[in-house]
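*Asks:* Dropping a structure here in structure tokens format, bear with me for questions.
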Amino acid sequence: MFIVHVHVRVKPELIEAFREATVENARGSLREPGVARFDVLQQQDDPSRFVLVEVYRTPEDPARHKETAHYIKWRDTVAPLMAEPRSSLKYDNIFPDDQGWG
């Protein structure tokens, strides 16, 4: 598995619009064969901060995801809603795994 955490800070007055667009993108993402999981998290003590936890089956799947119509729509919709550019961190899955380690 290949995991991406996308960190987003949204303009406070545009939180609901961001949530709606992001949930729509997450629903579309879950229909992709390369997406194992797609979580949308909102920070409790600062509702303008979000983390998208994207779990892909292979390292190539994020690039495929970025070619989908629902991702392109999300990207273009949320860009003006953000208080700063989004950032991402990439992870390799250690445990549990699908190779019999854990």
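*Asks:* Out of Thr68, Ala21, Val78, whose Cα points farthest toward the positive end of the dipole of the range 2-85 (charges: +1 Lys, Arg; -1 Asp, Glu; placed on Cβ)?
*Replies:* In the range 2-85, that residue is Thr68.
*Asks:* Angle, helix 69-78 long axis vs. longest principal axis of the chain, Cα atoms, 0 to 90°, nearest 10?
*Replies:* Helix 69-78 and the main axis of the chain meet at about 40 degrees.
*Asks:* If you fit an axis through the alpha-carbon atoms of helix 15-29 and take the longest principal axis of the Cα set of the chain, what angle between them do you get, 0 to 90°, nearest 10?
*Replies:* It works out to around 30 degrees.
*Asks:* Then there's this: When the dipole is taken about the Cα centre of the chain, and only Lys, Arg (+1) and Asp, Glu (-1) are charged at their Cβ, what size is it in debye, to the nearest 20?
*Replies:* 200
*Asks:* Straight-line reach from Lys90: which lysines have Cα under 24 Å away, leaving out those fewer than 8 places along the same chain?
*Replies:* By straight Cα distance, Lys90 reaches Lys66, Lys73.
*Asks:* Then there's this: What translational diffusion coefficient, to the nearest whole µm²/s, does the chain have by Stokes-Einstein, given a Kirkwood radius computed over alpha-carbon pairs, a temperature of 37 °C and 0.692 mPa s viscosity?
*Replies:* Working: Rh = 14.2 Å.
It diffuses with D of about 231 µm²/s by this estimate.
Only the coordinates and a few stated rules stand behind these numbers; no lab work does. Not measured: the values here are computed from a predicted model. Note that each Cβ is placed from the backbone with ideal geometry, even for glycine, and that neighbours are counted across all protein chains shown.
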